[in-house]
1. Answer yes or no as to whether Ile260 is modelled with pLDDT of 80 or more and of a type in the set (A, V, I, L, M).
2. Consider only pairs whose beta carbons are under 7 Å apart and that are at least six residues apart or on different chains; among these, list those whose first residue lies in segment 269-286 and is under 27 Å from Thr250 (Cβ atoms) and in the same structural domain as Ile239 (by TED's automatic domain parsing) and whose second residue is modelled with pLDDT of 85 or more and not in a helix (DSSP H, G or I).
3. With loosely packed, with under 14 Cβ neighbours inside 10 Å, closer than 25 Å to Ala37 by Cβ and under 30 Å from the mean Cα position of the chain (by Cα) as the only criterion, which of Arg64, Arg89, Arg94 stands out?
4. Against the condition in contact with a Phe, Trp or Tyr (Cβ under 6 Å, 6 or more places away or on another chain) and either modelled with pLDDT under 70 or not in a loop (DSSP other than H, G, I, E, B) (or both), how does Leu136 come out, does it pass?
5. Looking at segment 237-280, which of the residues that are surrounded by fewer than 12 Cβ atoms within 10 Å (Cβ to Cβ) and small (Gly, Ala, Ser) is farthest from the chain's Cα centre (by Cα)?
Amino acid sequence: MTVQTATRHADPDRRFLKTAMAIPLLEREEEHALAVAWKEEGDEAALHRLTTAYMRLVIALAARFKHYGLPFPDLVQEGNIGLMQAAARFEPERGVRFSTYASWWIRSSIQDYVLRNWSIVRTGTTAAQKSLFFNLRRLRALINDTGSGALTPVNRAYVAQALKVGEDDVESMAARLSAVDRSLNAPYTEDGDGEWQDLLADERPDPETAVMGSRDGDTRSRWLGRALDRLNDRERLIITERRLNEETVTLEALGARLGISKERVRQIEHHALGKLKGFLTEAAGDPHEVGLIPAE
């Protein structure tokens, strides 16, 4: 892209900022009248005047987040979304200035955008994590800790107390803010011989472990099937409905189905579980699986 082309792309943004900053602010009475006209009458012209008058507020708040490395026009656009949300929710009868109310919505919208786009790794979702993300640099500068590495124990404790978060959270966020996203396909040597993804540990089980796990699962299923065969029909039904199905049937429902009390169902279930446990215990200790493999 040539310098002239880049300048042409930048000019609309400059004109927009210059125009927005030239729009005069509203007096309290005019602001209230426009808010009432929009809220009660749906006057879109009033809404337009109300929101355009505070575009400079959007620009000023967006400028505070420029150091996060995101495109400034995108920050302004997100601030505009917050401004429109404020206009939709504002209640002029409460006597609060629209500019004061809108500031909260504008800032919140921009902060959410920064959190979503600052890194491909989600940074924080709770109010405490957001506060830590947006205030950690300011507090470090306040205590003259301007480094990008780990905080000292004293400074870490100060930040944690100031923001009412845990010291571990402060340490984790400091490390997160000092790092940058790195492509797993990026080479980790100057010669480009290897990629970062080559250093990641494969947490999947090795083939031998996978085969053993599958074989053990088959064995357990076979044992359970043989164990259930040792139960009578009523015991097998109760165990299946109470222990093996995804949705457990209540004692009352089974009692009504079998024509017995729920206490009797509980007793049968307990007795059947004992029989199953006994068989499985024998099977686990017998190489012939208690008759599953004929003895030689």
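The values are calculated or read from the model by the stated rules, or taken from the named source; none is laboratory data. It should be emphasised that the depicted structure is a prediction, and the values quoted were computed from it without experimental measurement. Glycine also receives a Cβ, built like all others from the backbone with ideal geometry; neighbour counts cover every protein chain displayed.
1. Numbers: modelled with pLDDT of 80 or more: yes; of a type in the set (A, V, I, L, M): yes.
In short, yes.
2. Listed pairs, sorted by first residue: Ala272/Leu231; Lys275/Arg230; Lys275/Leu231; Phe279/Arg230.
3. On the way: Arg64 fails: closer than 25 Å to Ala37 by Cβ; Arg94 fails: under 30 Å from the mean Cα position of the chain (by Cα).
Being loosely packed, with under 14 Cβ neighbours inside 10 Å, closer than 25 Å to Ala37 by Cβ and under 30 Å from the mean Cα position of the chain (by Cα) holds for just one of Arg64, Arg89, Arg94, which is Arg89.
4. Numbers: in contact with a Phe, Trp or Tyr (Cβ under 6 Å, 6 or more places away or on another chain): no; either modelled with pLDDT under 70 or not in a loop (DSSP other than H, G, I, E, B) (or both): yes.
For Leu136, the condition - in contact with a Phe, Trp or Tyr (Cβ under 6 Å, 6 or more places away or on another chain) and either modelled with pLDDT under 70 or not in a loop (DSSP other than H, G, I, E, B) (or both) - is not met.
5. Applying the filter and picking the extreme gives Gly259.
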